[in-house]
Amino acid sequence: ISDQKPLGCWSVKHGQILTCPVVCNFETHEYIAVHDDKVLRIWKNEDINLDKAFKATLSADVYRIHSLPHGGPLVLFRGGGVRSLDVLLEAPQQEIENLISGEVIRWSGAFMEDQQPVLIFTTEKDGDFFVYVQKPKLSSLHRYKLEQQESAKPLCFTAHITNQTVTLLCLYSNYSVYQVLIPLQQDTAEEEEEEEEEILSKSLLLNLSVSGAVLKGTSLVVLDKDHVAVLGSLAAPGKERRECLTIWNTKFQTLQTSKELPLGTSGQLWCYEEKFFLIHGKLLTVILYKCETASLAAAVGKLKDSQTPDVSLFLNWNTLEDEELVVSFQSQESVALKAESRMNLRSRGSTVAEKQSETLSVGQLLLNLQGASTFVLESELRKLMAKAPTPDLQATIGCVVTALTDRCKRNPKYYPQSFLQQIVETHALSYSLCPDLMAVALEKKDMLLLQMCLERFPDIPEEVTYNCLNAFLSMSEAYLQTIDVNVDSVICYIDVELDDKEVKTEIVENGFSAEMDQDMCDTKSPKESHFWSDGESCPVGLQKAALLNAVLHAAYTETFLLPHLKNLPAQQAILFLRYLYYLYVKCSEKINTTLPGIHSPTINQIMDWMCLLLDAQFTVMVMLPEAKELLSNLHKFVRAQVRFYSELNKIEGSLQELQRLNHLRESQTYSIEVLEII
């Protein structure tokens, strides 16, 4: 999530359908999926082809797989039967009992209690709802009937277990949340035989109404014993419905905080390790939350603490639309929330409110320094970074950089270039910690800082990467020679004379020469001779080459970068392709296809960017006369490489046989042998 890069992707064959959510086995670090109701698939992260992964066909339809951190995966079948994954894999075709004839499972959840897994699921039949509590290891199953509610029915369920009691929360269609308490029973054989169906009574927990408006909830999750979160749409008389995420204090039945979601949601809300996960528009949004101990003062917004000022530090809800500086607010809620949009969740979020006094001092200091002089500001910020504790260091530095960039935006004449470069160079930052930094650097044309960010930040959005590429290509060579750029990545393979023209050196190309492929064109127009001499002359200057190398190092997702590359002006696209072609030839000169230097691009990075650029600009390249010779040379060079490696493949067996014979021979014996390769 933090780097916005897909780590793996697996798909089933055409016609197959994944029929329940994929889960991870915490013990073996394997993924478990079910497709077409009965086909179980298990694979690891390094597996590429899902069709070749472990496969087991089961005897009954699977409803859901639940993975518990210390209890192993549990498989719940549509008929109500439950098996642990280990037991199921011993005999995949074992018969699965049908416990809920005619009933349909509506929800299920798995929990650990007294080191034993407990599975709870609800079913529906003819408008009646039933609750099942099962302990698979003890072969214990209890069935209850949920008390009916006139003119309303359950929409969704959630539960938690505390002190041997199951608390089942039900969100009903009358915009209310009800609570059902179910004690975990200790079974005996006599009790099981005499057990009758028990009707569970429910109590009203919350009315989801806000100032005359009704919250029509679609998802409900439990945060702790006193707080729940509800995702839904707020409908007020005469007003348009608005989707929002709300947090409620169940102890005092008050709305704790809420946030509108103008881009809409899928209606689903997930909660895991104090993080919300929800789809907001087309983005996965991650929101961190922290619940404080519920008190009446906090519930009504009048929390006072004699030991600390009445200020609570958290990131503004507005970060859902546009990430902002950490700010301080009067404490009106007992739940401090932080939102990270665009999937930019990094270590800044993980350090909130660990120690309120430490976090508070950072926020207050930044507020106090807003009007300070430049000297005082930078001096205090340096002290702040120097004394920040290790767990909070990244978060503190992120706040410092944000404070500096905010001042840059307020005061166009202010730009602490050396200070910002020093911070980026000496600390492990990321784009999400300081999202405005690269935008300010682009505006100020700070090429060295952009180069540092591209080489160091792991999570730069593709749009920002494209903006940097466009800026680098559009800048004149004369201007770039006047600014500071780190050329360590190019100085070892681009030789420059005092008149700034490249010195052509004698080279032996790996798998390519003019003699080997007579198809390579030696004829070229006078104007283009500098750029087209078999790819040996660098089409850009030293500084621009170093900046372009930094772009090649930036991580990206092809799907997101391709639309931006299509907007690259034609002349810049051709220049960039010339440089990539030059790098490709340079790599091919080396036996290990590796360029010398620090942060030099790899052959894979060069090839990936060439393919990406050709995909984005192919129509333009074909139509432009000045690109014709470049494409022709590139095609012939690649063809020569293919021929060369094809010839190597033909003698691969003979080379392996020679290697085997070398191992068999006495290493100290001198001999001359003639081996005929047939």
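Can we say ALA91 is out of contact with any helix residue (DSSP H, G or I) (no Cβ under 8 Å at 6 or more places or on another chain), of a type in the set (Gly, Ala, Ser) and buried (at least 16 other Cβ atoms within 10 Å of the Cβ)? The answer is no for ALA91.
Meeting the requirement of 1 or more residues that are of a type in the set (S, T, N, Q) and modelled with pLDDT under 50, the helices (runs of 4 or more DSSP H) wholly within region 453-555 are 529-532. Scanning region 99-136 for residues that are farther than 21 Å from PRO183 by Cα, surrounded by 13 or more Cβ atoms within 10 Å (Cβ to Cβ) and in contact with a Lys or Arg (Cβ under 7 Å, 6 or more places away or on another chain) returns GLU103, ILE105, GLU124. The lone criterion from (1) out of contact with any Cys (no Cβ under 8 Å at 6 or more places or on another chain); (2) at negative phi; (3) at pLDDT 80 or above; (4) open to solvent by less than 60 Å² (accessible area, probe 1.4 Å) left unmet by LYS259 is number (1).
Taken over region 400-459, residues that are of a type in the set (Asp, Glu), surrounded by 16 or more Cβ atoms within 10 Å (Cβ to Cβ) and over 22 Å from the mean Cα position of the chain (by Cα) amount to 2. The set of residues in region 208-227 that are among the small types (Gly, Ala, Ser) and assigned to a loop (DSSP other than H, G, I, E, B) comprises SER211, GLY212.
Listed by position, the strands (runs of 3 or more DSSP E) contained in region 26-136 that have at least 1 residues being at pLDDT below 90 are 62-68, 72-77, 104-113, 116-125, 128-135. Scanning region 216-256 for residues that are open to solvent by 60 Å² or more (accessible area, probe 1.4 Å) and among the polar types (S, T, N, Q), we see that the one that is farthest from VAL166 (Cα to Cα) is THR218. For SER139, the conditions (1) closer than 15 Å to GLY80 by Cβ; (2) more than 36 Å from the chain's Cα centre (by Cα); (3) surrounded by 14 or more Cβ atoms within 10 Å (Cβ to Cβ); (4) not acidic (Asp, Glu) are fulfilled apart from (3).
Among the residues of region 568-607, those that are without any contact (Cβ under 8 Å) to a residue 12 or more places away in the chain and assigned to a helix (DSSP H, G or I) comprise GLN571, ASN604. Considering each residue of region 609-622 in turn, none proves to be in a loop (DSSP other than H, G, I, E, B) and either of a type in the set (S, T, N, Q) or under 30 Å from ASP459 (Cα atoms) (or both). For region 146-163, the set of residues classified as touching a residue at least 12 places away in the same chain (Cβ under 8 Å) and open to solvent by 50 Å² or more (accessible area, probe 1.4 Å) consists of GLU147, GLN148, GLN149, SER151, LYS153, LEU155, THR162, listed by residue number.
The values are calculated or read from the model by the stated rules, or taken from the named source; none is laboratory data. Keep in mind that this is a model prediction, so the values were computed, not measured. Ideal geometry is used to build each Cβ from the backbone, glycine not excepted, and the neighbour counts take in all protein chains shown. Please note that ligands, DNA and RNA were not included when accessible areas were found on the heavy atoms of the full protein model with its side chains. Shrake-Rupley method; radii C 1.70, N 1.55, O 1.52, S 1.80 Å.
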